[in-house]
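To keep things clear, I will list the structure first and then write my remarks on it.
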Amino acid sequence: MSFNTLGLSDALLRAIDKKGYTTPSPIQEKAIPPILERKDVLASAQTGTGKTAGFTLPLLQILSQGQILRKRPVRALVLTPTRELAAQILENVKAYSEFLDLRSMVIFGGVNDKPQIRGLRNGVDILVATPGRLLDLHNQKALSLSNVEILVLDEADRMLDMGFQRDINKILSLLPKKRQNLLFSATFSKEIKKLANGILHHPVWVEAAPENTTAEKVDQKIYRVDQKRKTELIIKFIAEGNWQQVLVFTRTKHGANRLSEKMSKAGITAAAIHGNKSQGARTKALGGFKKGAIRVLVATDIAARGLDIPLLPHVVNFELPNISEDYVHRIGRTGRAGASGEAISLVSQEELSYVKGIERLLGEKLKSEVIEGFEPTNNVEHNNKPASRNNSHRKPKPKSNTRNYNRRSRR
Ligand code: AMP
């Protein structure tokens, strides 16, 4: 399958070509045609599936074929939970619309609103926004939403997790009743289904497992080690493996700071990214990491959500998350868009119960090893287990990322 058969215009095909994409990803193949037919779409897709292009390409095509109004009111609104994700979506919109006469911009909180207000005044066809700042600027009469033709709710599950339900409801009340709605979510809880039912009209359901779901492309391994020796071990891995781009997850913001400082002291360039960092600091850290100026980015779950760092070779769980689904999200940062990657977890005695939960979710056992010189001191039984004993694989259950989908809501 090639992009030529999806019904996209030459201007978009040129932009796709410039990006270097040759084949549409499954979600793009499935989502683009019904969106171009102006249908509402409910898509289950995680970051890493190519979902951003999946909604951006047809959205741009629809807008470019429609009438360009003189004042350029917002005609497509993309709502997304985090600032980073919003910035990345705008980057995509800009790249794909390079050969089109369409204006786009992003607004999010945590930064001065004056430049955003000025930008809106000039007129913008596609607005990417986080809910809070959008409402804020709407209250200030800096924008009107009465011409919105297409609404995209990206990472809808995250938006609900982050408490945006009320903001979303308020935003919906500001939009014209007649519009096209696209809702993207990685999981489908009762709340998401309720939200989708309230917004979408006879939606076409499309779903795509991420190309990089656990198992196939991501080599996952756990290393048993005492908590207090984890820093030493991770530095050993990075230094001896000469890893150049590593995303490391910690459970706390404080832990992220501490680890990043210790890495720097050990001569490994590192930066921490979490909710207490200013937007400027986060953007700088992410930029440095993408450019290769920073080898290690230490992040908390919330900060890492939706980060688009293509072809990340190494993800390390310095600590395991206590929510098993977060593990799947974390390791989804590696082996993206077809490339292979490695996800390793440093696991202390206290975290063994999390391993069980994760294995239940994945439907498989994770390979476990102990590095010589780093044997855990408090668990003799595991200590003595050769790695191969833990390698046995049970028959996999259905993939974790599809287990919450309720097929009934396809109707
Ligand atoms: P997303 O799921 O939208 O965050 O996209 C994940 C990554 O895949 C991004 O780095 C995209 O630039 C890349 N990507 C999107 N579509 C394609 C494609 N058709 N072929 C190769 N890479 C793609």
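Compute, for region 72-217, the length of the dipole vector about the Cα centre, with Cβ point charges of +1 (Lys, Arg) and -1 (Asp, Glu) only. Units Debye, rounded to 20.
My answer is approximately 760 debye.
Taking the Cα centre of the chain as origin and charging only Cβ (+1 Lys, Arg; -1 Asp, Glu), how large is the dipole, in debye to the nearest 20?
Approximately 960 debye in magnitude.
Using alpha-carbon pairs under 8 Å, 6+ residues apart, how would you state the relative contact order of the chain in percent?
17 percent
Rg over Rh of the chain, using C-alpha atoms and the Kirkwood radius, what does it come to? Before the final figure, lay out each step's value.
On the way: Rg = 22.1 Å, Rh = 22.4 Å.
Here the Rg-to-Rh quotient is 0.99.
What trypsin sites (Lys or Arg not before Pro) in region 97-147 are in a loop by DSSP, with at most 11 other Cβ atoms within 10 Å of the Cβ?
Those that pass, being in a loop and sparsely packed, are Lys141.
Tell me the label-point distance for the pair Met1, Glu261, using the 7 Å Cα-to-Cβ offset, in nm and rounded to one decimal.
Spacing of the two 7 Å Cα→Cβ label points: 5.0 nm.
Looking at the chain, identify the longest residue range that excludes and avoids all GluC sites (Glu not before Pro) in DSSP loops having at most 15 other Cβ atoms within 10 Å. Present the calculation step by step, with values, prior to reporting the outcome.
Working: sites that count: Glu37, Glu98, Glu216, Glu372.
Longest gap between qualifying sites, sites excluded: 217-371.
In degrees from 0 to 90, rounded to the nearest 10, what is the angle of the helix 10-19 Cα long axis to the longest principal axis of the chain?
20 degrees
Identify all lysines with a Cα-Cα distance to Lys30 below 18 Å; exclude those on the same chain that are fewer than 8 residues away in sequence.
Lys30 reaches Lys39, Lys51.
For region 71-112, with all protein chains present and a 1.4 Å probe, just round the carbon and sulfur fraction of the accessible area to a whole percent.
About 51 percent, which is the carbon plus sulfur part of the accessible surface.
Calculate, in nm to one decimal, what Lys170 and Asp101 gain on full extension: separation in residues at 0.36 nm each, minus their alpha carbon distance. Provide the component values of the computation, followed by the final result.
On the way: separation 69, 0.36 × 69 = 24.84 nm, distance 3.06 nm.
Length gained between Lys170 and Asp101: 21.8 nm.
Counting only heavy atoms of protein chains, what accessible area per residue, in Å², does the chain have with a probe of 1.4 Å?
That works out to 44 Å² per residue.
The values are calculated or read from the model by the stated rules, or taken from the named source; none is laboratory data. The structure presented is a predicted model; accordingly, all values stated were derived computationally and were not measured. Because the Cβ atoms are built from the backbone with ideal geometry, glycine has one as well, and the counts that use them run over all protein chains shown. Ligands, DNA and RNA are excluded from the accessible area calculation, which covers all protein heavy atoms including side chains. Shrake-Rupley method; radii C 1.70, N 1.55, O 1.52, S 1.80 Å.
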